[in-house]
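Just below is one structure, and these are the notes that go with it.
The values are calculated or read from the model by the stated rules, or taken from the named source; none is laboratory data. Remember, it's a predicted structure, so these values are computed and weren't measured experimentally. No Cβ is skipped: glycine too gets one built from the backbone with ideal geometry, and neighbour counts run over all protein chains shown. Each accessible area value is taken on the protein alone, full model and side chains, heavy atoms only, with ligands, DNA and RNA left out. Shrake-Rupley method; radii C 1.70, N 1.55, O 1.52, S 1.80 Å.
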Amino acid sequence: MEPDEKEDFQYSLVELSEVDSTNAYLFDLYHKQQIVSDLMTVSAKYQSKGRGQRTSQGWESNWGENLLFSFLINPRPIAIRDQFVLSQIVALAVKEELDTFDDGFRIKWPNDIYWHDKKIAGILIETELEGAVFEVAVVGIGINLHQRFFNGDAPNPISLKQITHRAINQNEILNHILIRFKTDYDAYVKTYDSESIIQRYKKDLYRLNEMATYIDDKGAFQGKIVDVDRQGFLLIEDDQSCTRRYAFKEVKYKI
Ligand code: BTN
């Protein structure tokens, strides 16, 4: 399914003016068993407690200026050991939609979206397990669309409007991202072939094979990203030709 077939694509969308967090709102609905459909989506003009990857800081966004949404899926078909593929599929859906506006978008491991050295979008996937099975996943996406001034400590933020200076249709972007996600997700759970997803993800990886500075618990070092493995660990070859393997939050990029 391509984005221009969006008329045939059905999902329920709740559009809120204000909410604490669209991720929290969807989890609430789910726990109250009001959700029946996969890809049920909630968007909001403003979040009072938008959740981010970093616990100290939520997700900053002025009222109505950015695209803030979450959708729910039942990820039972995905084995827990393969959960990184979900993150890759979501990152690709966002990144490839942004590619329709400009060149220069990349995925910063594990799933931030950067335009050159600036962050335009963040993704927060929260899951609940039942035993050893994924019961539910809420995929939360924030994309800076119109905002020009950021007061918090967001790293190098930029918005789509600052890049393109073009008119932007928020719901069209949301719709296209869902279609892109669904296309790849459905294909994956039919075949369990993650190879093409991994290849697309690596092709779009920010700083792949470029020498740069990174910081881990032992300090700063020079190295280049050489791979991301199937479990989602980042592999950096340092300037002594040693390959270091990191889980999320174990290494920082010096931008
Ligand atoms: C990050 O820190 O990079 C991830 C940010 C994710 C923000 C989005 S905004 C919509 C959804 N609801 C939330 O509370 N967080 C996500």
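Can you pull a Stokes-Einstein diffusion coefficient for the chain at 37 °C (0.692 mPa s), Rh from Kirkwood over Cα pairs, as a whole number of µm²/s?
Values: Rh = 18.9 Å.
The calculation lands on 174 µm²/s.
Any chance you could run the full-extension gain for residue 13 through residue 168? It's 0.36 nm times the residue separation minus the Cα-Cα distance, nm to one decimal.
53.9 nm
For the chain, the longest stretch holding no GluC sites (Glu not before Pro) located in a DSSP loop with at most 14 other Cβ atoms within 10 Å is which?
On the way: sites that count: 210, 250.
Counting at most 14 other Cβ atoms within 10 Å as exposed, the longest clean stretch of the chain is 1-209.
Which pairs in the list 32/161; 49/252; 49/190; 45/224; 161/249 are over 32 Å apart, alpha-carbon to alpha-carbon? Don't skip to the end; give the middle numbers.
Working: 32/161 38 Å; 49/252 25 Å; 49/190 37 Å; 45/224 39 Å; 161/249 30 Å.
From the list (32/161; 49/252; 49/190; 45/224; 161/249), the Cα-Cα distance tops 32 Å for 32/161; 49/190; 45/224.
What distance in nm separates the simple spin-label points at residue 156 and residue 34, each placed 7 Å from Cα in the Cβ direction?
Each label point is offset 7 Å from its Cα along the Cβ direction, giving 4.1 nm.
Tell me the chymotrypsin sites (Phe, Trp or Tyr not before Pro) within the range 118-186 that lie in a loop according to DSSP and have at most 16 other beta-carbon atoms within 10 Å.
Working: sites: 134, 149, 150, 181, 185; in loops: 149, 150.
Taking the range 118-186 and a limit of 16 other Cβ atoms within 10 Å, the loop chymotrypsin sites (Phe, Trp or Tyr not before Pro) found are 149.
Using a 1.4 Å probe and counting only protein heavy atoms, arrange 217, 20 so the residue with the most accessible area comes first.
Working: 217 135, 20 70 Å².
Ranked from most to least accessible, the order is 217, 20.
Using only the Cα atoms of the range 127-255, build the gyration tensor, take square roots of its eigenvalues as a ≥ b ≥ c, and label the shape rounded, prolate or oblate: rounded if a/c is under 1.5, else prolate if a/b is larger than b/c, else oblate. Please report the intermediate quantities before stating the final value.
Numbers: a/c = 1.80, a/b = 1.15, b/c = 1.57.
The shape class here is oblate.
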